[in-house]
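The values are calculated or read from the model by the stated rules, or taken from the named source; none is laboratory data. Keep in mind the model is a prediction, meaning the values are calculated, not measured. Cβ placement follows ideal geometry from the backbone for every residue including glycine, while neighbour counts extend to all protein chains displayed.
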Amino acid sequence: MRRTLWRLALLALVVAASARIHAQDLEPRAYGNAPVGLNFLIVGYAHAEGGLVTDPSIPLENPHLEVPAAVVAYARTFGLWGRSAKVAMGVPYAWLSGSADVGGVPQSRVVDGFGDPRVGFTINLYGAPALSLKEFAGYKQKLIIGASVAASAPFGQYDGDRLVNIGSNRWALKSEVGASVAVKRWILELDAAATAYQDNDDFFGGQEREQDVVYATQGHVIYGFKSGVWGALDATYYTGGQARVDGIKSGGELENSRLGLTLVFPVNRRNSIKLYASSGISVRTGTDFDVGGIAWQYRWGGGM
């Protein structure tokens, strides 16, 4: 049993539900296996600063925004067709402040409120069978192939008379496939995703704003220490997302990359702490920002 508990600690935060759905999210171990019947409660805090907007394709000049945010999320693992799966949902609350030039005119913005809630479903299609806690004690990862879908709903704070908001006033749907392979203490991951957006019919004074699909790929190099601590080097590249306002192109396509670090500390069999940070390393349009955060996870159920 002790061995099983330490292996559970190594899986800390694999089901952490990010409240954002943007393509620049960095999520290592998204397709790790875990015993069925586990519940996860995640409470986190993040601070983003720089040329940040909640919709990264909005064309602002000289933006400098600060967005502290808190998030609460829940996830549960279960078996489906003999494969391990999970469902997760989360909602953020953010405080946005800063300034930017709009049409050459300096503007400032201070606002707080709930962000768009997100719900996601993940299933591991190969290499990660649905196992009970007792059965999981003998499981060793090799190759895992999985898929996921996540949706964000337009329920967050939004003012159609302002360019920068916490919510987005549109539905978004992100589809992803990924692979994860374990080599001794190392895990290598590669994911590819596409995010589609509903039109926003109340954009900046009642205009209609469309946005093309954003395509993204991300990779992670993960190392697990004997103590149960694990760390990851994370990278992502995303492109597409050309926007049009009332049929006229607005800004350019995204063509950006980010680099990040993740570190997870198991506290005991039920609790773990995650630290993470990322920064833009190549930016063509928007999202030239830094972000850092901390999250606490509590898990129960599944016979623990």
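Across segment 268-294, which residue is nearest to PRO28 (Cα to Cα) among those that are at pLDDT below 95 and β-branched (Val, Ile, Thr)? Per the criteria, the residue is VAL291. Among residues of segment 101-122 that are under 14 Å from VAL67 (Cα atoms), those with a beta-carbon under 7 Å from a residue that is outside any strand (DSSP E or B) and of a type in the set (D, E, K, R) at least six positions away or on a different chain give the pairs ARG109/ARG162.
If you go through segment 189-202 and keep only what is crowded, with 22+ Cβ neighbours inside 10 Å and over 28 Å from LEU125 (Cβ atoms), you end up with just ASN200. Here LEU131, LEU125, LEU188 are screened, and the one residue that is in a loop (DSSP other than H, G, I, E, B), at pLDDT 95 or above and more than 17 Å from the chain's Cα centre (by Cα) is LEU131.
On the basis of being loosely packed, with under 15 Cβ neighbours inside 10 Å, closer than 30 Å to MET304 by Cβ and either without any contact (Cβ under 8 Å) to a residue 12 or more places away in the chain or not basic (Lys, Arg) (or both), does TRP186 make the cut? In short, yes. Taking the listed residues TYR215, TYR238, TYR223, the one that is out of contact with any Leu (no Cβ under 7 Å at 6 or more places or on another chain), aromatic (Phe, Trp, Tyr) and touching a residue at least 60 places away in the same chain (Cβ under 8 Å) is TYR215, with no other qualifying. Residues in segment 77-97 that are more than 14 Å from ASN33 (Cβ to Cβ), free of Cβ contacts under 8 Å to residues at least 60 places away in the same chain and over 16 Å from the mean Cα position of the chain (by Cα): TRP81, TRP95, SER97. Taken over segment 134-157, the residue count meeting the criterion of being farther than 29 Å from LEU65 by Cβ, among the aromatic types (Phe, Trp, Tyr) and part of a loop (DSSP other than H, G, I, E, B) is 1.
Counting the residues of segment 208-230 that are over 30 Å from GLN242 (Cα atoms), surrounded by 17 or more Cβ atoms within 10 Å (Cβ to Cβ) and either of a type in the set (Gly, Ala, Ser) or touching a Ser or Thr at 6+ places or on another chain (Cβ under 6 Å) (or both) gives 2. Checking each residue in segment 11-50 for being in contact with a Lys or Arg (Cβ under 9 Å, 6 or more places away or on another chain), under 28 Å from GLY167 (Cα atoms), at pLDDT 90 or above and not hydrophobic (A, V, I, L, M, F, W, C) picks out ASN39, GLY44. Within the option set ALA100, ALA85, being under 19 Å from GLY146 (Cβ atoms), surrounded by 15 or more Cβ atoms within 10 Å (Cβ to Cβ) and aliphatic (A, V, I, L, M) holds for one residue only, ALA85.
Per the listing GLY167, GLY178, GLY160, the residue uniquely in a loop (DSSP other than H, G, I, E, B), crowded, with 18+ Cβ neighbours inside 10 Å, in contact with a strand residue (DSSP E or B) (Cβ under 8 Å, 6 or more places away or on another chain) and of a type outside the set (Lys, Arg) is GLY167.
When ARG244 is tested against the conditions (1) touching a strand residue (DSSP E or B) at 6+ places or on another chain (Cβ under 6 Å); (2) surrounded by fewer than 18 Cβ atoms within 10 Å (Cβ to Cβ); (3) under 28 Å from SER272 (Cβ atoms); (4) not aromatic (Phe, Trp, Tyr), the lone failure is (3).
Which residues, taken from segment 191-217, are of a type in the set (A, V, I, L, M, F, W, C), part of a loop (DSSP other than H, G, I, E, B) and modelled with pLDDT of 95 or more? Of everything in segment 191-217, just one residue is of a type in the set (A, V, I, L, M, F, W, C), part of a loop (DSSP other than H, G, I, E, B) and modelled with pLDDT of 95 or more, namely VAL213.
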